[in-house]
Amino acid sequence: MLRQIAIFDEDEVCPELRTQRPLNRARIREMSNYILNNPDSYIFPPLTVSIDFQAVFEPLVGQNWLGNLRVPMDAHFVMNDGQHRRAALIEALEQRPELGQETIPILFFLDIGLEHCQQRFADLNRHAARLSPSPGSSDYRSPQSRLARQIITKSAIFKNIVEMEKTSLAKRSRKLFTLSAFHHACADLIDGIATGILTEDADLARSYWEAVAEQIPVWRLVQQGQLSASEVREDFIHCHSITLQALGRVGNALIKLHPEEWRERLTGLRQIDWSRHNSGLWEGQALVGGRVSRMTIHVARTTDIIKQMLGLPVNAQSVGSEATVS
């Protein structure tokens, strides 16, 4: 039935006559894949449609607001909101025809005037809030997201120093890390060593991060309220995403090479001067011009520095991708 709900090919209509934004093909493919990958649990909000025909409402016996709405299929339908959902569902139907038996709610307006449709689209999206792009906070199906969240909620240290909602920390935030940064660090930590059993992987990862916290006492002092998180972030690099991810990579190598004694080897972390003012160690590695860098090459260099302090083999990287980490 969704194929019947259309106005015209948006690509053929000039912008001033469109009722909403042009179709984004990449977004359609992403949404279609979401449906196909989660056929038993996908969920979409209602579509909003205007029609140019006086529909007939037939209430059920004894009901005033519940009944059947009869609309001729040769009526003119205008999609006010949900064109990408509609296109994604139609694309998914090509691969999974059984989706044709499912339903989606639709809100109908008995009005098809262009001006009204354009205003309706603007009103429907006026107060829409964009979800955080943080993979850890926006996708609960992700194994990495579930892992990071389980570690945080079960850790007496990290559950109080990880920001679970915002993707960045305000200057005066009482948190040390964002969920996004911790998510990426955990993913690097268990890369190639995960069992696929969430509880086991989470226990190992939590043990590692709490062992790291024992070697960086400042983290616990922040958790206990004895130090200001904002001042610690200002003075040290060990609470920034680049170092957290580097520590995840170091832990991965450490557990692979020394599965029985990795905890003892972490004591080398106490020998590291984490101060941002130690430019002789960190400039060009974790810092560029005195500012913490999030470039991939600097994550690799920071990882190498920590590995050296722990006596681990170093994969020196003098060049690398310029992509940033989250």
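Could you tell me whether region 231-295 comes out rounded, prolate or oblate from its Cα gyration tensor? Rule is a ≥ b ≥ c as square roots of the eigenvalues, rounded for a/c under 1.5, then prolate if a/b exceeds b/c, otherwise oblate. Prolate, because a/c is 1.5 or more and a/b exceeds b/c. When you restrict to C-alpha pairs under 8 Å that are six or more residues apart and normalise by the size of region 135-309, the relative contact order lands at 21 percent. The calculated FRET efficiency for the pair Asn64 and Arg29, based on their C-beta separation and a Förster distance of 51 Å, comes to about 0.70. In order along region 194-199, the Karplus-derived 3J(HN,Hα) couplings, from 6.51 cos²θ - 1.76 cosθ + 1.60 at θ = phi - 60°, round to 5, 8, x, 9, 4, 4 Hz, and Gly and Pro are given as x. Please say if region 128-269 is rounded, prolate or oblate, where rounded means a/c under 1.5 for a ≥ b ≥ c the square roots of the C-alpha gyration tensor eigenvalues, and otherwise the choice is prolate for a/b larger than b/c and oblate otherwise? Oblate is the answer for region 128-269, as a/c is 1.5 or above yet b/c matches or exceeds a/b. For Glu163, the amide hydrogen comes within under 5 Å of the amide hydrogens of Leu176, Phe177, Thr178, Leu179, counting only partners 5 or more places away or on other chains and with H modelled in the peptide plane.
Phi-derived couplings, Karplus 6.51 cos²θ - 1.76 cosθ + 1.60 at θ = phi - 60°, listed residue by residue for region 41-49: 9, 5, 8, 10, x, x, 8, 10, 9 Hz, with x used for Gly and Pro. When His258, His183 are sorted by how many other C-beta atoms sit within 10 angstrom of their C-beta, beginning with the fewest, the order is His258, His183. If R0 is 45 Å, the Cβ-Cβ spacing of Met73 and Glu165 corresponds to a FRET efficiency of close to 0.50. Are there trypsin sites (Lys or Arg not before Pro) in region 149-197 that DSSP marks as loop and that have at most 16 other Cβ atoms within 10 Å, and which are they? Loop-located and lightly packed - Lys166, Lys171, Arg172, Arg174.
Values quoted throughout were computed directly from the atomic coordinates according to the rules given, and no laboratory measurement underlies them. Since this is a predicted model, take the numbers as computed values, not measurements. A quick note on method: Cβ atoms are made from the backbone with ideal geometry, for glycine too, and the neighbour counts reach across all protein chains shown.
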